[in-house]
Amino acid sequence: FLHQYMTLTRCDLLFADKAVLIEGTSERLLLPKMIEKVDEGQPNGLRLNSQYVSVIEVGGAYAHKFFELLEFLELRTLIITDLDTVNHNDSGKACKVSEGTGTSNACIKSWFNDFNITPATLINKSSEEKTNGIRRLVYQVPEIPDKNDPCGRSFEDAFMLANPVLCELTGDSDEEKEKCAWTKAKDEKKSEFALKYAIEQTEWTVPRYIKEGLLWLAENSESPDISLPATSDNTLKEVKIAPE
């Protein structure tokens with residue numbers, strides 16, 4: 001799988017400073033704008049736009065297949081995936097996070113080595129538990145930490161919950177807002193949704209889980225100082241090597 005994938009599409013991974021593994025179209029189209037927004041509050045040495053970041057669209061089912069390769073390359077990597085909540089009491093159907101009893105996301109289950117992990121447990125995982133050396137996993141969480149706020153299942157409804165006014169979410173209660181975002185997200189065409197907020201309406205807030213992940217990825221971003229060997233008069237000199 002890796003040999004075919006890398007040969008056909010992603011050989012630039014071998015030359016990158018860092019990498020981001022993403023789910024699909026929406027994240028791929030909006031990631032440059034999200035990086036730009038997060039970079040605005042960062043000092044020059046910690047801005048991702050000054051780094052060569054390889055973005056790989058793999059989907060939640062395949063991200064974990066890259067883990068050993070990323071470790072071998074010693075490449076600091078952010079994995080952005082979805083909660084993908086399901087209700088095992090309803091034939092494992094996709095559902096809102098508040099109704100979920102599990103996840104269908106293979107990467108998340110592999111990361112925590114728990115195939116029965118619940119959405120409530122995932123939401124309460126600490127940053128340390130979502131970090132493994134030079135890899136960091138992020139998925140949807142409530143926008144306000146330590147609050148019982150609604151949580152998105154996918155990027156689209158998480159984006160809406162992070163921007164309720166812009167996305168015209170209706171409802172006074174958290175349950176109503178979650179239901180509204182869930183319903184709207186199901187009706188959205190991913191590419192149209194992403195292009196709308198990448199080009200037309202660009203004043204919005206980056207969802208908390210992605211912002212936290214990008215800030216982590218930006219750490220240790222300072223470009224190394226590269227010094228040339230000094231000569232006696234501090235200038236470069238031509239060196240000729242005679243053949244043996």
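When the stretch 1-151 is described by a simple charge dipole with +1 on each Lys and Arg Cβ and -1 on each Asp and Glu Cβ, the residue from 115, 69, 104 located farthest towards its positive end is 69.
Extents of the stretch 77-151, taken as max minus min of Cα coordinates on every principal axis and listed largest first, are 38, 27, 16 Å.
Dipole magnitude for the stretch 89-156: about 220 debye, using +1 per Lys or Arg Cβ and -1 per Asp or Glu Cβ, origin at the Cα centre.
Peptides 84-92, 168-176 ranked from most to least packed give 84-92, 168-176, packing being the mean of other C-beta atoms within 10 angstrom over each peptide's residues.
Relative contact order of the stretch 70-199, please, whole-number percent, based on alpha carbon pairs below 8 angstrom and at least 6 residues apart. Could the numbers behind the result be given before it?
On the way: 171 pairs, mean separation 27.4, N = 130.
Relative contact order for the stretch 70-199 comes out at 21 percent.
Around the amide H of residue 102, modelled in the peptide plane, lie the amide H atoms of 86, 88, all under 5 Å away and 5 or more residues distant in sequence or on another chain. Net charge dipole, the stretch 27-164: roughly 120 debye, given to the nearest 20, about the Cα centre with Cβ charges of +1 for Lys and Arg and -1 for Asp and Glu. Find the centroid of the Cα atoms in the stretch 133-196 and in the stretch 38-116, then give the distance between the two in whole Å. Each part reduced to its Cα centre gives a spacing of 16 Å. Pairs 130/211; 184/211; 189/211; 147/177; 33/211; 65/109: which are spaced more than 18 Å apart, C-alpha to C-alpha? Over 18 Å apart, Cα to Cα: 184/211; 189/211.
Taken together, the values in this text are just the output of simple stated rules run on the coordinates, not laboratory data. Since we're looking at a predicted model, the values are computed, not measured. Here Cβ is always computed from backbone atoms with ideal geometry, including for glycine, and neighbour counts include all displayed protein chains.
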